[in-house]
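Novice: My structure is below; once you've seen it, I'll send some questions.
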Amino acid sequence: MITVVGLGPGSRDALPERNLDALRSASRVILRTQVHPIVALLTAEGIAFESCDDLYESCGDFDELYDSIADRVLASGEGTVYAVPGHPSVGEDSVRILGQMTQIKVFAAPSFIDVVLAELGRSFSGSLQVWNAHQPDAHWPDARASQLVYQVDSQDAASEAKLRLLKFFPSDHPAHLVSRAGTDEAKVETVPLEELDHLRYDPLTSVYVEGLPLARPLGFYGLVDVVDRLLGPAGCPWDHEQTHESLKKHLLEEAYEVIEAIDSGAPDKLCEELGDLLLQSVMHAQMDAQEGLYETADVVAGITDKLVRRHPHVFGEVSVANSDEVLRNWDTIKQSEGKKPRSIVGGVPSSMPALLRATEVSERAVRVGFEWGTLEDIFSKLAEEEQELRQAIKSGNIEHTATELGEMLFTLVSIARWLKVDPEESLRRMVDRFTERFQYMETAAEKPLADLSLEEWDALWERSKAQPTI
């Protein structure tokens, strides 16, 4: 068993006597780092120690560092005391890893959380999120909760923390930089968040940012709060009148506006339209949340679980050769999720635009082997369908004609799929070109279009095709 001792925040008063006794009686003392105020006391007490500071230089990243520290401590054997700043169970990944490798006995001490809050004069009872400045991407701040960022030991770490916080908090929001909390050298500096990386730092520096009131929420759950208030008793009368049915048209409209923004190539426009589309999802979810059917968090958790489950090549041990194999695995996993075997072409919404639906059904069928031998085979089928369509037209049977036209269109979808061309996108661009050319003719014609001869129509159309923007 390895004994792990907390050294507290740095003052002698905050170091429990039993922790000091454990250090005195240890056969070997290993410090995570000797860059800590209590080290002077250990030296004065005549306690011999070694540190892991050399590993900070030799390891490539923090994951490797903490693994290496745990390996070193474990190899030291019985009677070793491993000492860490603060409380061993707070913000100490090396202790967590060590505990997974062997039995450990922990001697508690005040953590940086206790002393930072004390220095700030906070009597805390709300929500607090605590995270490492060196691992900002591993944390998603909730702007409603206060943030306590530890290990802000350099300008680079402060900059990374600042950039993460600015995604969720206003740039002028106060940030409290707390240095050497719990010691006689404690200092608190308050600056606008955007200036957080303009100060001085040391290994005992933390940053505290107060959570936002609901009147100024940011981040995903800030949006959820806003929508919840709009739908609530004191909210918006228009929002109160909405139902899932009434919002369907707005959902489609926003989806099409996202597509237009993508085509425009303007990132600012796409950012705005994605927000409008996200609002529609949150509106539907919060309407049901207020009925007690499920929570918006359940929606997020559901899609997160699904993505992890259906990507075993990313989150598991499965290997894939290419994207086609990814899609085949996806289909297999989807089919295994239901209680009954699902059709590979089932689940494609019938409400989708027909061309989109035809493309999706065709692609799914191909993924299980229902495919033409060559592109020429599909063109032969197209010629066959053309003849059948002509015969149907001659018969005068409208229903038969519609059926044959549908089969011909579906064959064209197969050609597009074979060529890896999106038929929906191809047709949409063609309609855009036709619209622009026709509008040119409306402007360029010297008399009403209805009065043009066939020859004049053809000449005007050729002129429209020659325009550089069409």
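Novice: Being surrounded by fewer than 12 Cβ atoms within 10 Å (Cβ to Cβ) and under 22 Å from V368 (Cα atoms) is the filter here, so list the residues in the stretch 308-326 that pass it.
Specialist: Of everything in the stretch 308-326, those that are surrounded by fewer than 12 Cβ atoms within 10 Å (Cβ to Cβ) and under 22 Å from V368 (Cα atoms) turn out to be S319, A321, N322, S323, D324.
Novice: Next up: Quick test for you: out of D63, D54, pick the one residue that is under 30 Å from D184 (Cβ atoms) and either surrounded by fewer than 17 Cβ atoms within 10 Å (Cβ to Cβ) or modelled with pLDDT of 95 or more (or both).
Specialist: D54
Novice: Scan the stretch 41-68 residue by residue and report those that are part of a helix (DSSP H, G or I) and within 14 Å of V81 (Cβ to Cβ). Spell out how you get there, then give the answer.
Specialist: Keep residues of the stretch 41-68 that are part of a helix (DSSP H, G or I), which gives 41-44, 53-58, 62-68.
Within the stretch 41-68, L42 is the sole residue that qualifies.
Novice: I'd like to verify a number: residues in the stretch 12-40 that are in a loop (DSSP other than H, G, I, E, B) and either surrounded by fewer than 19 Cβ atoms within 10 Å (Cβ to Cβ) or among the hydrophobic types (A, V, I, L, M, F, W, C) (or both), how many?
Specialist: Within the stretch 12-40, the first condition is being in a loop (DSSP other than H, G, I, E, B), and the residues that meet it are 12-16, 26-27, 32-38.
If we keep only those that are either surrounded by fewer than 19 Cβ atoms within 10 Å (Cβ to Cβ) or among the hydrophobic types (A, V, I, L, M, F, W, C) (or both) too, we end up with 12-16, 26-27, 33-35, 38.
Of the residues in the stretch 12-40, 11 are in a loop (DSSP other than H, G, I, E, B) and either surrounded by fewer than 19 Cβ atoms within 10 Å (Cβ to Cβ) or among the hydrophobic types (A, V, I, L, M, F, W, C) (or both).
Novice: Hey, could you check the stretch 327-341 for residues that are among the basic types (K, R) and more than 30 Å from Q286 (Cβ to Cβ) and say which is surrounded by the fewest Cβ atoms within 10 Å (Cβ to Cβ)? If you could, list the steps in order and put the result at the bottom.
Specialist: So the first thing to find is which residues in the stretch 327-341 are among the basic types (K, R), and the list is 328, 334, 339-340.
Filter once more, keeping what is more than 30 Å from Q286 (Cβ to Cβ): 328, 340.
Details: R328: 13, K340: 5.
Ranking the candidates gives K340 first.
Novice: Moving to a separate point now. For the stretch 28-49, how many residues meet the condition of being among the polar types (S, T, N, Q) and under 25 Å from D93 (Cβ atoms)? Explain how you work it out, then say what you get.
Specialist: Filtering the stretch 28-49 for residues among the polar types (S, T, N, Q) gives 33-34, 43.
With under 25 Å from D93 (Cβ atoms) added as a condition, the list becomes 33-34.
Counting residues in the stretch 28-49 that are among the polar types (S, T, N, Q) and under 25 Å from D93 (Cβ atoms) gives 2.
Novice: With the requirement that a residue be of a type in the set (S, T, Y) and at pLDDT below 90, what does the stretch 123-175 give you? Please lay out each step first, then the result.
Specialist: Residues of the stretch 123-175 of a type in the set (S, T, Y): 123, 125, 127, 146, 150, 154, 159, 171.
The answer is S123, S125, S127.
Novice: When you scan the stretch 371-470 for helices (runs of 4 or more DSSP H) that lie fully inside it, which ones turn up with 2 or more residues that are out of contact with any helix residue (DSSP H, G or I) (no Cβ under 8 Å at 6 or more places or on another chain), within 18 Å of A358 (Cβ to Cβ) and not charged (D, E, K, R)? Don't jump to the end; show me each part of the working.
Specialist: Working: elements: 375-395, 398-418, 423-444, 454-465.
It comes to 398-418, 423-444.
Novice: Report every pair of residues separated by at least 6 positions or lying on different chains whose Cβ atoms are under 9 Å apart, first residue within the stretch 162-177 and more than 17 Å from N132 (Cβ to Cβ), second aromatic (F, W, Y) and buried (at least 21 other Cβ atoms within 10 Å of the Cβ).
Specialist: H176/Y208
Novice: So, one more: So which residues in the stretch 279-326 are among the aliphatic types (A, V, I, L, M) and within 30 Å of K420 (Cβ to Cβ)? Even if it seems obvious, please write down each step before you answer.
Specialist: Keep residues of the stretch 279-326 that are among the aliphatic types (A, V, I, L, M), which gives 279, 282-283, 285, 287, 289, 293, 297, 299-301, 303, 307-308, 314, 318, 320-321, 326.
I303, L307, V308, V314, V318, V320, A321, V326 - these are the residues of the stretch 279-326 that are among the aliphatic types (A, V, I, L, M) and within 30 Å of K420 (Cβ to Cβ).
Novice: Of the residues L230, L270, only one is in a helix (DSSP H, G or I), in the same structural domain as T296 (by TED's automatic domain parsing) and closer than 24 Å to Q290 by Cα; which?
Specialist: Exactly one of L230, L270 is in a helix (DSSP H, G or I), in the same structural domain as T296 (by TED's automatic domain parsing) and closer than 24 Å to Q290 by Cα, namely L230.
Novice: While we're looking at this one, here's another question. Which one of these does M1 not meet: (1) loosely packed, with under 12 Cβ neighbours inside 10 Å; (2) out of contact with any Lys or Arg (no Cβ under 8 Å at 6 or more places or on another chain); (3) among the hydrophobic types (A, V, I, L, M, F, W, C)?
Specialist: In the conditions (1) loosely packed, with under 12 Cβ neighbours inside 10 Å; (2) out of contact with any Lys or Arg (no Cβ under 8 Å at 6 or more places or on another chain); (3) among the hydrophobic types (A, V, I, L, M, F, W, C), M1 misses (2) alone.
Novice: Given (1) closer than 24 Å to Y66 by Cα; (2) outside any helix (DSSP H, G or I), identify the lone condition not met by R144.
Specialist: Status for R144: all satisfied but (1).
Novice: Yes or no: V84 at pLDDT 90 or above, buried (at least 21 other Cβ atoms within 10 Å of the Cβ), more than 27 Å from L177 (Cβ to Cβ) and assigned by TED's automatic domain parsing to the domain that holds L31?
Specialist: Details: at pLDDT 90 or above: yes; buried (at least 21 other Cβ atoms within 10 Å of the Cβ): yes; more than 27 Å from L177 (Cβ to Cβ): no; assigned by TED's automatic domain parsing to the domain that holds L31: yes.
Taking the combined requirement at face value, the residue does not satisfy it.
Novice: On to the next question. Going by what's in this entry, would C236 be described as free of Cβ contacts under 8 Å to residues at least 24 places away in the same chain and within 25 Å of P141 (Cβ to Cβ)?
Specialist: Details: free of Cβ contacts under 8 Å to residues at least 24 places away in the same chain: yes; within 25 Å of P141 (Cβ to Cβ): no.
No, not satisfied.
Novice: How about the stretch 379-421: which of its residues are charged (D, E, K, R) and in contact (Cβ under 8 Å) with a residue 24 or more places away in the chain?
Specialist: Residues of the stretch 379-421 charged (D, E, K, R): 381, 384-386, 388, 390, 394, 399, 404, 407, 417, 420.
Those that are charged (D, E, K, R) and in contact (Cβ under 8 Å) with a residue 24 or more places away in the chain: K381, E385, R417.
Novice: Next up: I need the full set of residues from the stretch 1-40 which are among the charged types (D, E, K, R) and without any contact (Cβ under 8 Å) to a residue 24 or more places away in the chain, in order please. Working first, answer last.
Specialist: Step one: list which residues in the stretch 1-40 are among the charged types (D, E, K, R), which gives 12-13, 17-18, 21, 24, 28, 32.
Scanning the stretch 1-40 gives D13, E17, D21, R24.
Novice: Output the residues belonging to the stretch 178-192 that are crowded, with 20+ Cβ neighbours inside 10 Å and either among the small types (G, A, S) or closer than 30 Å to L223 by Cα (or both).
Specialist: Residues satisfying the conditions are S179, A181, G182.
Novice: Another one. Regarding F112, is this residue at pLDDT below 90 and among the hydrophobic types (A, V, I, L, M, F, W, C)? Before you say what the answer is, go through the steps one by one.
Specialist: Working: at pLDDT below 90: no; among the hydrophobic types (A, V, I, L, M, F, W, C): yes.
Considered against the rule, which asks whether it is at pLDDT below 90 and among the hydrophobic types (A, V, I, L, M, F, W, C), F112 comes out as no.
Listed here are the residues, each with its yes/no results for (1) crowded, with 17+ Cβ neighbours inside 10 Å; (2) in the same structural domain as C52 (by TED's automatic domain parsing); (3) more than 20 Å from V29 (Cβ to Cβ).
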site	(1), (2), (3)
L74	no, yes, no
E92	yes, yes, no
K105	no, yes, no
E119	yes, no, yes
R122	no, no, yes
A133	yes, no, yes
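The values are calculated or read from the model by the stated rules, or taken from the named source; none is laboratory data. Everything numeric in this text was worked out from a predicted model, so none of it was measured. Here Cβ is always computed from backbone atoms with ideal geometry, including for glycine, and neighbour counts include all displayed protein chains.
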